[in-house]
Amino acid sequence: MALLELSDLRTWFHTREGVVRAVDGVSLAIGAGEMLGVVGESGSGKSVTFYSLLGLVPSPPGRIESGRALFEGRDLLQMPPRELRNLRGRRIAMVFQDPMTALNPYMTVAAQVAEPLTVHEGLSGGAARVRVLEALRAVGIQDAERRMDLYPHAFSGGMRQRVMIAMALTTSPALLIADEPTTALDVTVQAQILDLIAGLQRDRGMAVALITHDLGVVARACDRVAVMYAGRVVESATTEALFDRPRHPYTEALMHSLPSTADAGAPLRAIPGMPPDLLGERTGCSFAPRCAHAADRCRTAACALVETVPGHATACIRAQAGEW
Ligand SMILES: Nc1ncnc2c1ncn2[C@@H]1O[C@H](COP(=O)(O)OP(=O)(O)OP(=O)(O)O)[C@@H](O)[C@H]1O
Ligand SMILES: [Mg+2]
């Protein structure tokens with residue numbers, strides 16, 4: 001059984017311009033101990049999906065319209081806010097994109113990393129310090145005993161991200177949600193942070209949802225992948241199967257936009273065409289206007305995510321029909 005099973009989540013924003021269907025029927029699952037990569041271009045609904053699970057979508061204008069999110073057998077979307085807050089940071093932890101803004105500049109690192117322990121386990125003083133030290137060492141912070149009493153500004157970007165991860169780990173969560181944890185960092189540090197997360201996943205049997213717009217990161221670290229486009233998952237598969245044979249034209253286009261090893265360092269090639277409009281009701285496949293394989297019926301037919309091969313699902317009706 002999956003640790004987290006999300007089905008048909010819809011999170012819409014009710015704005016003056018109309019209803020923005022940011023998340024419009026997302027289904028995905030994460031197994032215990034598994035690392036799931038969630039990829040898709042900017043605005044595809046990756047963050048809003050996971051914010052919805054944790055009750056972090058600003059409301060108004062956001063509203064969870066429908067869906068079910070079973071975590072350890074309970075529906076997160078139906079949970080009273082108090083209970084959800086208690087679960088958050090204890091069983092599910094989240095690491096954000098920008099460690100500079102996520103840490104409080106006026107609190108020492110030790111005090112911040114200790115916070116979840118104080119809130120969830122009632123630990124303070126020496127007992128909390130021991131656990132903080134353990135966590136800081138686990139994420140590779142050298143000389144932690146001395147450095148824990150410094151303020152965040154004394155740490156580099158990569159080290160601050162390590163501090164965020166240490167904070168997330170203190171309560172041994174079953175699921176870590178990492179939202180673009182490496183985008184703000186330079187390439188070498190990115191690789192170190194990814195290796196750190198992958199190592200923790202392996203050693204602690206912790207499940208990870210790794211949100212990224214970088215397929216290279218997915219190839220390197222993830223067991224499975226969910227590809228998002230315009231508020232939906234359009235393809236999901238094991239990483240191996242996805243790279244071996246993508247079964248959605250959007251995934252194929254994403255792969256073509258990756259620089260090959262031959263021109264390493266070259267900028268990403270953008271996918272031609274306009275990003276989708278999320279306002280109002282959509283018919284047919286949202287990717288059809290940019291799709292190299294689209295047929296007329298793609299613009300009108302419903303396109304549900306269907307498993308065409310065991311463990312490999314696609315929302316492309318032409319792939320489902322075996323037409324490409
Ligand atoms: N408060 C809000 N009001 C209106 N629309 C919103 C709000 N928050 C998010 N959205 C819209 O929801 C859509 C999905 O946003 P989301 O942040 O989930 O994208 P993302 O896939 O995480 O992108 P990125 O890779 O840039 O982080 C976007 O089109 C965004 O404009
Ligand atoms: Mg995001």
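Nothing in this text is a laboratory measurement; each read-out follows from the coordinates by a stated rule. Note that the structure is predicted; figures quoted are calculated from it, not measured. Counting neighbours? That spans all protein chains shown, and the Cβs are built from the backbone with ideal geometry, glycine included.
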Discussion item. If the elastic network links every pair of Cα atoms under 10 Å, which of Met228, Met79, Met94 fluctuates the most in the Gaussian network model of the chain?
Written reply: Met79
Item to complete: With an 8 Å cut-off on Cα pairs and a minimum separation of 6 or more residues, tell me the relative contact order of the chain in percent.
Response: 21 percent
Worksheet entry | Size of charge dipole - segment 33-114 - debye, nearest 20, with Cβ of Lys, Arg +1 and Asp, Glu -1, no other charges | 280 debye
Item to complete: State the three equivalent ellipsoid semi-axes of segment 38-185, derived from the C-alpha gyration tensor as the square roots of 5 times its eigenvalues, in descending order and whole Å.
Response: 28, 19, 12
Discussion item. Suppose a student asked you for the relative contact order of segment 193-316, using Cα pairs under 8 Å spaced at least 6 residues apart; what percent would you report?
Written reply: 23 percent
Response to the item:
So, over other residues within a Cβ distance under 12 Å of His120, counting Lys, Arg +1 and Asp, Glu -1, the net charge is +3
Discussion item. If I model a spin label at Ser257 and Ala32 as a point 7 Å from the Cα along the Cα→Cβ vector, what separation in nanometres do I get?
Written reply: 3.7 nm
Item to complete: Pairs of Cα atoms under 8 Å, at least six residues apart: use those to get the relative contact order of segment 145-235, whole percent.
Response: 25 percent
Response to the item:
Per residue convex hull volume, Cα only, the chain, in Å³ is 144 Å³
Worksheet item: On a 0 to 90 degree scale, rounded to 10, what angle separates helix 109-121 from the longest Cα axis of the chain?
Response: 80 degrees
Item to complete: Identify the trypsin sites (Lys or Arg not before Pro) of segment 1-84 meeting these criteria: DSSP loop state and at most 16 other C-beta atoms within 10 Å of the C-beta.
Response: Arg16
Worksheet, complete the sentence: Given GluC sites (Glu not before Pro), DSSP loops and at most 10 other Cβ atoms within 10 Å, the longest exposed-site-free stretch of the chain is 18-280
Worksheet, complete the sentence: Between Met94 and residues 5 or more places away or on another chain, the pairs with built amide H atoms under 5 Å apart involve Gly89, Ile177
Discussion item. List the chymotrypsin sites (Phe, Trp or Tyr not before Pro) within segment 96-163 that DSSP assigns to loop and that have no more than 10 neighbouring Cβ atoms inside 10 Å.
Written reply: Tyr106
Practice prompt. Measure off 7 Å from each Cα along the Cα-to-Cβ vector at Met79 and Thr15, then give the distance between these two points in nanometres to one decimal.
Written response: 2.9 nm
